[in-house]
Each structure stands twice: as C-alpha cells, then as structure tokens.
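Report on one structure; see the data block that follows.
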Amino acid sequence: MINTSKIIMALLFIIAINGCEKSCDESLRLGEIVQIPIQFNGFSTSEIDNILVYRIDNANTSPVDTFLLRDILWANKARSANEIITDRQFSKTQNRFGRYDSYFNNCTIILDWYTGKDSLLNFEIKKSQEKIKGCHENDPNVRIDKFSFVHRGKTISKDESIQIEK
C-alpha cells in the first residue's frame, strides 16, 4: 500500500519547484541605445534647445536633413549644460530606419547656433541583435557593435563625451 502522506509531500515538492521558476513577464527588452554625452559650455537652456542641426548623409550630400537639437536630445525634463543626444528617429524620418540601422551612420552632423558652429564627422554606427535565451529572445535586444565619430580631430568612441564651446 502506498503511503498517501508521501504522495502528498511529493506533489507539494513538485508544485513548489515549478512555482519557483521565473515566469516571463510582458516587458520588452530593447537593448542598447546610442547615447552621446555632450557638455555645452556657455549656453543657456533655450540656446541648447534651439541649436539648428544639419544631418548630411556622406553617401548622398543632397538633400540635407535639418531639425532642432531638441529633437534628438535624450528625454530630460530638467535641461542642463550636460545633455545626451541619441540617434533615435524623430517624426519626419519615422520608420525610415529599422532598429538595427542608425540615423547617424555614415553621416556628418553640423550644430549651428547664433554665434558659431561645430561638427561631428564620419559617424560609424553598426548594430545587431544580441542573442538572448529565455523570455526576451524574440525582443529587439539591440547591441551596438561599433560606434565612432570625429570631433575636432579626435575619434570619439562609445561612452566618451564631448564639449561644445559657445
């Protein structure tokens, strides 16, 4: 005769083990996002927001995309001299670039304000899908494989910052 208390204990043990497994949540894992930290020296908040940006595709120098810097600033409610720009698409170019292509790749960015200009040259940004197992394996999982551009003769890499002087 089988001992029912042993069966009950075994069932409780199996339920406990299965209950402890990490279940998948409904979140979306996007992965890495291009971020370029910039320190603006001598600019007011409104001056930073209203810097005119020219994006020139190095493969096709015409037409030139123009927009305000605030369109590519990282979401930051309290503007300061330390900002982050990103290659996210803004409304005029929505869906023109996929998750793994960059709006900045193979281009030059010119920042133009009332009393001066500065340039970010020869962007090289390559992205791919990071291989993840488990809950988020089908999410975008963007990985930045290569990131560089030239500012004032110096090659800038991922996680490096630049300074813009007024």
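Using θ = phi - 60° and the Karplus curve 6.51 cos²θ - 1.76 cosθ + 1.60, what whole-Hz ³J(HN,Hα) does each residue of the range 56-72 get, with Gly and Pro shown as x?
10, 6, 5, 7, 8, 6, 9, x, 9, 7, 10, 6, 7, 4, 4, 5, 10
Mind grabbing the accessible area of LYS126 for me, 1.4 Å probe, Å², rounded to tens?
My reading of the accessible area for LYS126 is about 90 Å².
With all protein chains present, how much of the accessible area of the range 31-70 (probe radius 1.4 Å) comes from carbon and sulfur, to the nearest whole percent?
Roughly 48 percent of what the probe reaches on the range 31-70 is carbon or sulfur.
Averaged per residue, what accessible surface does the range 113-166 expose to a 1.4 Å probe, in Å²? Write down the numbers at each step before the final one.
Numbers: 3390 Å² over 54 residues.
Value for the range 113-166: 63 Å² per residue.
Excluding residues on the same chain fewer than 8 positions from LYS166, give the aspartates and glutamates whose Cα lies under 17 Å from its Cα.
Qualifying aspartates and glutamates at Cα under 17 Å: GLU47, ASP49, GLU83, ASP112, ASP118.
Check LYS127: other-chain or 5+ apart residues with amide H under 5 Å from its amide H, H built from backbone geometry?
ASP145
The values are calculated or read from the model by the stated rules, or taken from the named source; none is laboratory data. Since this is a predicted model, take the numbers as computed values, not measurements. The area values use the complete protein model at the heavy-atom level, side chains included, leaving out ligands, DNA and RNA. Shrake-Rupley method; radii C 1.70, N 1.55, O 1.52, S 1.80 Å.
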